[in-house]
Amino acid sequence: TQTCYINVTNVNPYCIPAPVNGTNFGDYINAVSIGTISNLNTGSVSGPSYSNYSNLSTNLSTNTAYNIVVQNGTYNNDSIAAWIDYNDDGDFADAGEKLDQVSAPIVNTNYTLNFTVPGTITLGTKRLRVRIAYLPPSAPNMDPCTNYNYGETEDYSVNIVAGSVITPVVN
């Protein structure tokens, strides 16, 4: 017989970025709002560089447009991006999983990321990742896992439910 062990200490398959300086210079997420998620006033220069808020969840419907509102911290030259692991493979690297990315040049300001939930994905609970980071000029497109020098990452849950079906118009 064989004995099989399950690693219960690492049940989160997702990468956890570890920025060198974290939030120390004001590169932090102070608020995230989408649907019924309203996680406000969470950031600080002494805060963690990663927070798992996957216990906070909201429903998102397929074929529907949404906004994620993210308030940045006290550094004025960051970028903000978000991803959803639509295919449940434990990463955010697949086509269409990066939702949007915006520049955040004004401190303590709400920035909006826009996206539409595709109609072709499987329904159920998915991981939502929100990041803020200072990006080096040589790497202007934010990655969900890179250990940048400054920034913060937060993970949430979204429950994808069936939305309206889009019927093509035939002339």
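The values are calculated or read from the model by the stated rules, or taken from the named source; none is laboratory data. Here the structure is a predicted model, which is why all the values come from computation and not from measurement. With ideal geometry, Cβ positions are generated from the backbone for all residues, glycine too; neighbour counts draw on all protein chains shown. Ligands, DNA and RNA are excluded from the accessible area calculation, which covers all protein heavy atoms including side chains. Shrake-Rupley method; radii C 1.70, N 1.55, O 1.52, S 1.80 Å.
Across segment 56-69, the qualifying residues are those that are under 14 Å from the mean Cα position of the chain (by Cα) and surrounded by fewer than 16 Cβ atoms within 10 Å (Cβ to Cβ), and the one among them that is nearest to GLU154 (Cα to Cα) is VAL69. Close Cβ contacts (under 8 Å, 6 or more residues apart or on different chains) running from residues in segment 51-67 that are on the phi > 0 side of the Ramachandran plot to residues that are modelled with pLDDT under 95 and of a type in the set (Ser, Thr, Tyr) comprise ASN63/SER164.
Taken as a whole, the condition of being modelled with pLDDT under 95 and of a type in the set (A, V, I, L, M) applies to VAL11. With respect to the conditions (1) open to solvent by less than 20 Å² (accessible area, probe 1.4 Å); (2) closer than 13 Å to TYR156 by Cβ, TYR14 lacks only one, and its number is (1). The residue list ASN87, ASN72, ASN24, ASN77 contains one member that is farther than 25 Å from PRO136 by Cβ, out of contact with any His (no Cβ under 6 Å at 6 or more places or on another chain) and not basic (Lys, Arg), which is ASN87. Listed by position, the strands (runs of 3 or more DSSP E) enclosed by segment 70-129 that each have at least 1 residues that are free of Cβ contacts under 8 Å to residues at least 40 places away in the same chain and open to solvent by 30 Å² or more (accessible area, probe 1.4 Å) are 98-104. So, TYR148, is that one buried (at least 16 other Cβ atoms within 10 Å of the Cβ), assigned to a loop (DSSP other than H, G, I, E, B) and on the phi < 0 side of the Ramachandran plot or not? Yes; evaluated as a whole, the condition is true for this residue.
Every condition in (1) at pLDDT below 95; (2) not in a loop (DSSP other than H, G, I, E, B) holds for PRO140 except the one numbered (2).
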